[in-house]
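The values are calculated or read from the model by the stated rules, or taken from the named source; none is laboratory data. All of these numbers come straight from a predicted model, not from anything done at the bench. All Cβ positions, even for glycine, are placed from backbone atoms using ideal geometry, and neighbour counts span all protein chains on display.
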Amino acid sequence: MNKKIEYIAKKERIEVTKLIESINKGNTAIFGSKNHKNINPVGIGPNLRTKVNATIGTSEDYCNPKDEVEKLQIAIKAGADTVMDLSTGGNIKQIRKMILDICHIPVGTVAIYRSAADCLKKQKIFEKLPSKSFLDTIEEQCDEGIDFITIHPGITYKNMELFQKTNRITKVVSRGGALTISWMLANKQENPFLENFEEILKICQKYDVVISLGNGLRPGCIHDGFDGPHIAEYVSMGEFVYQARKNNVPIIVEGPGHLRIDKIILDIQMLKSCTYNVPTYYMGPIVTDIAPGYDHITSAIGAAIAAANGVEFLCYITPAEHLSLPTKEDVYLGVIIHKIAAHAGDIAKGIVKAEEWDNLISKARFDFKWEKIEQLSIDPSEVRKHRELRPSKTRACSICGIYCPMDKIRKIKND
């Protein structure tokens, strides 16, 4: 039996035969590259716990590789299931090696970032890169040991022309999407990832790397959500999913972005319908644009709804979204709050043992077993901090103290 499948089935408490059936249908993807040493594989799919991804990485404005390694360790401590290295500054190859050497969870990248960063460093024009250079970058990163890779083949020339006719406020907010479009316009050629998709499939199959279809035309504000380009890219994604499944290459598809609450379920249904029910990877969605500095919360609201309605994989958003490179504290908070959203979704989906966790902590609360509450909490340090900040004179918390309703009702019952 495949050791990765056996490991995931045991961890997720799911029958091996059921897991294999879902993998064979293309509904579940296994993250665990052949070249990633000491990897703990992760399954993304129905009947499995909703997973959370954390993004880290340098930028041209701020490049401190040690900080990013520390952020990785913090993300893992907070419970991230996967991480993406989105570095665009410094020695990207060296940074990736530092991450892969210590990271036991799956690592993803956006290949085109490396291509653009290399051009900047060598003072070359990105738009003059030959199409084949993108394939070379993909192969190099897969050989390094990454487990999943984002490409943007869904931005076809036709979809790009449709986008140019829209009245979007924020136009394109995907870095990978914008880079792809700029190359297409400069060269007056079709999307290089579309043109070379068969070769990309061969590379990913060779290294056992999962393809993530990037949502390059995703909405960057709620006004832009669910418009023509947004849906057109979903339709295009379906063709790539079909090709990948035909060649037994695992694939997932990305979704928004920013989206009104009342559009989330419809968006999920549309994406699932267009892409043959492969695993979906949602960024948020951020449900309102009025809260810069609080977008970890606006994202978690949408993420909980998305997870409850079939999304299997969430990308965290931190308080720094739209503002700055996230700090270590931002990373921790982003992971924790999206783990909460994922768990809330798992309860709604009926994932095995999800609600049991809630029941255990509820019983501990009723019995005032504070150490157990701390141990069971998704963030024990937060429980400890508040208990130390406001100690109670009674065994109850300091809000109610001697008027604690649970303690009072217990005494009435015992009487």
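Please verify whether region 188-197 includes one or more residues that are without any contact (Cβ under 8 Å) to a residue 12 or more places away in the chain and closer than 18 Å to Thr275 by Cα. Break it down into steps so the answer makes sense when it comes.
Within region 188-197, the subset without any contact (Cβ under 8 Å) to a residue 12 or more places away in the chain is 188.
From what is left, the residues that are closer than 18 Å to Thr275 by Cα are none.
Within region 188-197 (the criterion being without any contact (Cβ under 8 Å) to a residue 12 or more places away in the chain and closer than 18 Å to Thr275 by Cα), the answer is no, since none of the residues qualifies.
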Subject >> Checking Ile169 against (1) closer than 16 Å to Ile112 by Cβ; (2) aliphatic (A, V, I, L, M); (3) in a loop (DSSP other than H, G, I, E, B), the condition it does not meet >> reply: (1)
**OP:** Considering (1) under 20 Å from Met84 (Cα atoms); (2) touching a residue at least 12 places away in the same chain (Cβ under 8 Å), say which one Glu329 fails and leave the rest.
**Re:** (2)
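Check region 142-157 and report whether any residue there is outside any helix (DSSP H, G or I), polar (S, T, N, Q) and either at pLDDT 90 or above or outside the structural domain of Tyr281 (by TED's automatic domain parsing) (or both). Full working, then the answer.
Taking region 142-157 as the starting set, the residues that turn out to be outside any helix (DSSP H, G or I) are 145-156.
Now narrow it down to the ones that are polar (S, T, N, Q): 150, 156.
Now drop any that are not either at pLDDT 90 or above or outside the structural domain of Tyr281 (by TED's automatic domain parsing) (or both), which leaves 150, 156.
Looking for residues that are outside any helix (DSSP H, G or I), polar (S, T, N, Q) and either at pLDDT 90 or above or outside the structural domain of Tyr281 (by TED's automatic domain parsing) (or both), one finds at least one in region 142-157, hence yes.
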Original post:
Take the residues of region 388-401 that are touching a helix residue (DSSP H, G or I) at 6+ places or on another chain (Cβ under 9 Å) and not hydroxyl-bearing (Ser, Thr, Tyr): which is modelled with the lowest pLDDT?
Top reply: Lys393
Original post:
Looking at (1) outside the structural domain of Gly334 (by TED's automatic domain parsing); (2) among the hydrophobic types (A, V, I, L, M, F, W, C); (3) within 23 Å of Ala344 (Cα to Cα); (4) not in a loop (DSSP other than H, G, I, E, B), can you tell me which one Ile14 breaks?
Top reply: (4)
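Do you know which residues across region 13-38 are touching a strand residue (DSSP E or B) at 6+ places or on another chain (Cβ under 8 Å) and farther than 20 Å from Asn277 by Cα?
At the first step, the residues of region 13-38 found to be touching a strand residue (DSSP E or B) at 6+ places or on another chain (Cβ under 8 Å) are 19, 23, 26, 28-32, 36.
Passing the criteria: Gly32, His36.
Just to confirm my filter: which helices (runs of 4 or more DSSP H) fall fully inside region 285-387 and include at least 1 residues that are in contact with a His (Cβ under 9 Å, 6 or more places away or on another chain), modelled with pLDDT of 95 or more and at negative phi? Working first, answer last.
Details: elements: 295-308, 328-349, 354-366, 370-376.
Answer list for region 285-387: 295-308, 328-349, 354-366.
Out of region 51-69, which residues are of a type outside the set (Val, Ile, Thr), out of contact with any Asp or Glu (no Cβ under 6 Å at 6 or more places or on another chain) and either without any contact (Cβ under 8 Å) to a residue 40 or more places away in the chain or over 12 Å from Pro326 (Cα atoms) (or both)? Before the answer, list the steps.
Let us first name the residues in region 51-69 that are of a type outside the set (Val, Ile, Thr), namely 51, 53-54, 57, 59-68.
Applying the additional criterion that residues be out of contact with any Asp or Glu (no Cβ under 6 Å at 6 or more places or on another chain) yields 53-54, 59-68.
Across region 51-69, the qualifying residues are Asn53, Glu60, Asp61, Cys63, Asn64, Pro65, Lys66, Glu68.
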Original post:
Would a scan of region 74-84 turn up a residue that is within 19 Å of Ile340 (Cα to Cα), free of Cβ contacts under 8 Å to residues at least 40 places away in the same chain, in the same structural domain as Ala306 (by TED's automatic domain parsing) and outside any loop (DSSP other than H, G, I, E, B)?
Top reply: yes
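Restricting to region 241-276, name every residue that is within 14 Å of Asn309 (Cβ to Cβ), surrounded by fewer than 24 Cβ atoms within 10 Å (Cβ to Cβ) and not aliphatic (A, V, I, L, M). Give the steps one after another, and end with the answer.
Filtering region 241-276 down to residues within 14 Å of Asn309 (Cβ to Cβ) leaves 255-256, 259, 261-273.
Next, only the ones that are surrounded by fewer than 24 Cβ atoms within 10 Å (Cβ to Cβ) stay: 261-263, 265-266, 268-270, 272-273.
Asp262, Lys263, Gln269, Lys272, Ser273, listed by residue number.
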Original post:
Just for region 72-115: of the residues that are of a type in the set (Val, Ile, Thr) and in contact with a Pro (Cβ under 8 Å, 6 or more places away or on another chain), which one is surrounded by the most Cβ atoms within 10 Å (Cβ to Cβ)?
Top reply: Val83
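Yes/no matrix, rows are residues, columns are (1) buried (at least 21 other Cβ atoms within 10 Å of the Cβ); (2) of a type in the set (D, E, K, R); (3) within 20 Å of Gly26 (Cβ to Cβ):
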site: Val278; (1), (2), (3): yes, no, yes
site: Pro285; (1), (2), (3): yes, no, no
site: Asp289; (1), (2), (3): no, yes, no
site: Ile301; (1), (2), (3): no, no, no
site: Gly310; (1), (2), (3): no, no, yes
**OP:** List every residue pair whose Cβ atoms lie under 6 Å apart, where the two residues are 6 or more positions apart in sequence or sit on different chains, the first residue falls within region 1-12 and is within 13 Å of Asn47 (Cα to Cα), and the second residue, located anywhere, is outside any loop (DSSP other than H, G, I, E, B).
**Re:** Ile8/Gly43; Ala9/Val16; Ala9/Leu19
**OP:** Please give the number of the condition Ile412 fails out of (1) under 27 Å from Glu15 (Cβ atoms); (2) without any contact (Cβ under 8 Å) to a residue 40 or more places away in the chain.
**Re:** (1)
Original post:
His223: modelled with pLDDT of 95 or more, in a helix (DSSP H, G or I) and either surrounded by 24 or more Cβ atoms within 10 Å (Cβ to Cβ) or of a type in the set (Gly, Ala, Ser) (or both), yes or no?
Top reply: no
**OP:** Only residues that are in contact (Cβ under 8 Å) with a residue 60 or more places away in the chain and either over 15 Å from Glu199 (Cα atoms) or surrounded by fewer than 17 Cβ atoms within 10 Å (Cβ to Cβ) (or both): list them for region 226-240, please.
**Re:** Asp227, Gly228, Pro229, Ala232, Glu233, Tyr234, Ser236, Met237
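Considering only region 18-27, I want to know if a residue exists there that is closer than 28 Å to Thr318 by Cβ and in contact (Cβ under 8 Å) with a residue 40 or more places away in the chain.
Residues of region 18-27 that are closer than 28 Å to Thr318 by Cβ, as a first pass: none.
No; the residues of region 18-27 include none that is closer than 28 Å to Thr318 by Cβ and in contact (Cβ under 8 Å) with a residue 40 or more places away in the chain.
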Subject >> Number of positions in region 40-71 that are buried (at least 19 other Cβ atoms within 10 Å of the Cβ) and assigned to a loop (DSSP other than H, G, I, E, B) >> reply: 8
